[in-house]
1. Given the criteria in contact with a Phe, Trp or Tyr (Cβ under 7 Å, 6 or more places away or on another chain), crowded, with 19+ Cβ neighbours inside 10 Å and at pLDDT 95 or above, does residue 389 qualify?
2. Which condition from (1) touching a His at 6+ places or on another chain (Cβ under 9 Å); (2) under 20 Å from residue 94 (Cα atoms); (3) of a type in the set (A, V, I, L, M) is the one that residue 164 breaks?
3. Check the stretch 681-701 and report whether any residue there is among the hydroxyl-bearing types (Ser, Thr, Tyr) and more than 14 Å from the chain's Cα centre (by Cα).
4. Report, by residue number, each residue of the stretch 674-697 that is under 17 Å from residue 55 (Cα atoms) and surrounded by fewer than 24 Cβ atoms within 10 Å (Cβ to Cβ).
5. Pick from the stretch 414-429 the residues that are assigned to a loop (DSSP other than H, G, I, E, B) and in contact (Cβ under 8 Å) with a residue 60 or more places away in the chain: which of them is farthest from residue 460 (Cα to Cα)?
6. Condition check: at positive phi, out of contact with any His (no Cβ under 7 Å at 6 or more places or on another chain) and buried (at least 20 other Cβ atoms within 10 Å of the Cβ). Does residue 472 satisfy that?
7. Can you list the helices (runs of 4 or more DSSP H) found entirely within the stretch 239-356 that contain at least 2 residues being under 30 Å from residue 436 (Cα atoms) and of a type in the set (Gly, Ala, Ser)?
8. Out of all the residues in the stretch 578-590, is one or more surrounded by fewer than 24 Cβ atoms within 10 Å (Cβ to Cβ) and of a type in the set (Val, Ile, Thr)?
Amino acid sequence: MLPTKRTPTKLARKTVTKAAIFAVAISLFLSPLTSGICARHPYLSSLHATKDSPLYTTYAAATERSEFAPDVAYHLVFYDSSRGIVFRNQKGGDWSIAFTEPKLGAPAEFVCKLGDLHSQPVITTSYSDVVCYHYYPFADVRIDSRFLVYSSRLALQEVSISNLAGKEREIEAVPFLSIDNGKYHNVRIAADGKSVSFRYYDRPDGWMVEHKTPHLDTVDNVFSWNVAADSFASSPEALPWSCRAVPSDSVRSIGLFRTFRIPPHGRVTFTVSRAIGGIATGDVALLESARSAFRLDMRTFISADEKAYGRIPDLRFVSQDLKMMYWSAFSLMRQCMLPAEGKCHYNYYVFSREPVWGWGHGGEVFHESLSMLAYVFMDPRGAMNSQRVYMERQHPDGYINYRTGPYLDETIPYNGEPTTSAPWFSWENWEIYRVTRDRVFLREAYDSGAKLFRYWESHRSSKHDGLFEWGGQAILESVRDDQVAVWDKVGWPANFEGPDLNSMLVMEAGALSNMAKVLGEKRQSNMWERKADAISKLINKYMWDDSSGFYYNVNRNDHSFTFSKPNDLKRREIIGFLPLWSGIATRAQAAILVKAMTDTAEFWRPYGVPSLAADDPYYNPHGYWNGPVWVQWEYLLERGLMRYGYGVIARRLVDRVASGVAAQLKKDHNFWEFYSPDSQWAGYHRTYIWGGLVSRMLIDVNNSRK
């Protein structure tokens, strides 16, 4: 049995012998995947990362202390010389600290902006929920900071000021919050001078309103210090030190001031916390929450992170940039996981914790779940349970929602037909099983996957010709939901049968065959194998074009490449390579496809394979599905290349994709929805979970070298 490998069609069996031998060798090594390889040292605890390092710097609470709403996470901005060292929250504003050395007879000059620091920050520890760093605001004054997002409602920052000089220093510290896109209201100072409370309003976006997902509109805050402040300030400006006025309503910044006298070679330490809640939380409870942070031991959370990250395969890298990017990818995926809540009886993920946008915070979709094929190496149970979210909500007829979340069952009916998601479900479950070897999960996955496949057979083959087309809101169901050459220039996707959907269903049937074989159901395994072979033959019969050497969509009515104009379906899109991933192509066809993929005029671009050939008039490297590199699809291409024995080319592809991801991490320390194939550019949504799949690509090619 070949894990993930469906037996080729009869017409292809004789021509893929060498590829099959290679696949056997790889599958034997990867069974179970990366067995016995794990981190030997806490890499992310011993960093020396600067603004030019490819380190991911967004921080959110660990899964067990997170909740859907409210959920406050922070992105560390430490790379913009015009700003300070800022923990930025999309809705709640920036959290920072300024310093000054007061001088008699002269106004204080606050040091906050990176350009004003004596030396720039260096990050020494960074996990999904905690970061440690140090810098020098003045000569001989060192700041050490540890920042933890403890829960969705509570964060804290520990700060040490060290006087390295041989004389006493007087340093004023100003922890402050500032907001650009709103105002802080109802500002009040506690009687003991250790905290300030306020409120801001967070209006849900249109998607949240339409889908009625829970949202905290009115957010109460307590910004607290474990020492009494000398004074407070609030200001209508974005920075708090223009004046030290009595707090008032509708301000843009709030600051706490305290002067410390530090003896020669001495040190002072303080902690600042921020707690949030709704009106129902109450002032007393919110204040106690903020002050409870002062009893937390940061080392406990770092130790827990080291243990969690210790499961990750510890790869060898020639490039330190790739190493840092690899470990950062797991921080991205880990922090997107949320615990069981609402309708979800298992943990689930969102696309992003910071920033939060409506459709990215609703729940899971099959194509985002491809990221679980990387995350499973860190958290096997979490990856399996995220797939169980689909299983527990599956309809009696096998249908699974387009998006499934704790408060959402998004079906998107279109012409009376609900929309599901692109069928990667059983293949994902099989790949997860290959790592976990959990037979209970496998049994559940097989039963659910078989029901879903039968739904596709009943509802997505209108001509009953053995091939399938997208249905429901077909543009969404197809994944490629905007700026697609064929959808935009030729016709609605339900009019066509394509190599994308049909390759996916070949892999679904192949995965179900493998599952059945492991479960001892040989007859069922053979049945699924026959289904996979039947679809494969039809793809090669109708969708392969000998004259141009590529796979295309075909008109579902007559299986031609013509819809409204002769050959108007012959657009060379990334879907034409999916028969490599699914094992449908003969060895001869694979060679032709690889030649096209490595043609620099078409697909072999500096940072990966674009979603549309670069010589197509609709190509735009900054577009959407008409040019950009999508990491999750690059992963499918890498798997296809490996399958047919093109390991060297697969490694080159991974190097190109990874270098583009790392370059963007160096710029803004974020993973993005997609990347340009031609330049160091990324868009449109940042902190996107499936960017983490680059780590799986690196695991795959690392294993192929052994």
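1. Here the answer is yes, as residue 389 does meet what is asked.
2. The single condition residue 164 does not satisfy is (2).
3. No, that holds for no residue.
4. Selection gives 680, 681, 686, 688.
5. So, considering only residues that are assigned to a loop (DSSP other than H, G, I, E, B) and in contact (Cβ under 8 Å) with a residue 60 or more places away in the chain, the one farthest from residue 460 (Cα to Cα) is 424.
6. When the stated conditions are applied, residue 472 passes them.
7. Where helices (runs of 4 or more DSSP H) fall fully within the stretch 239-356 and carry at least 2 residues being under 30 Å from residue 436 (Cα atoms) and of a type in the set (Gly, Ala, Ser), they are 298-309, 320-335.
8. Yes, the stretch 578-590 contains at least one residue that is surrounded by fewer than 24 Cβ atoms within 10 Å (Cβ to Cβ) and of a type in the set (Val, Ile, Thr).
The values are calculated or read from the model by the stated rules, or taken from the named source; none is laboratory data. This is a predicted model, so every value here is computed, not measured. Ideal geometry is used to build each Cβ from the backbone, glycine not excepted, and the neighbour counts take in all protein chains shown.
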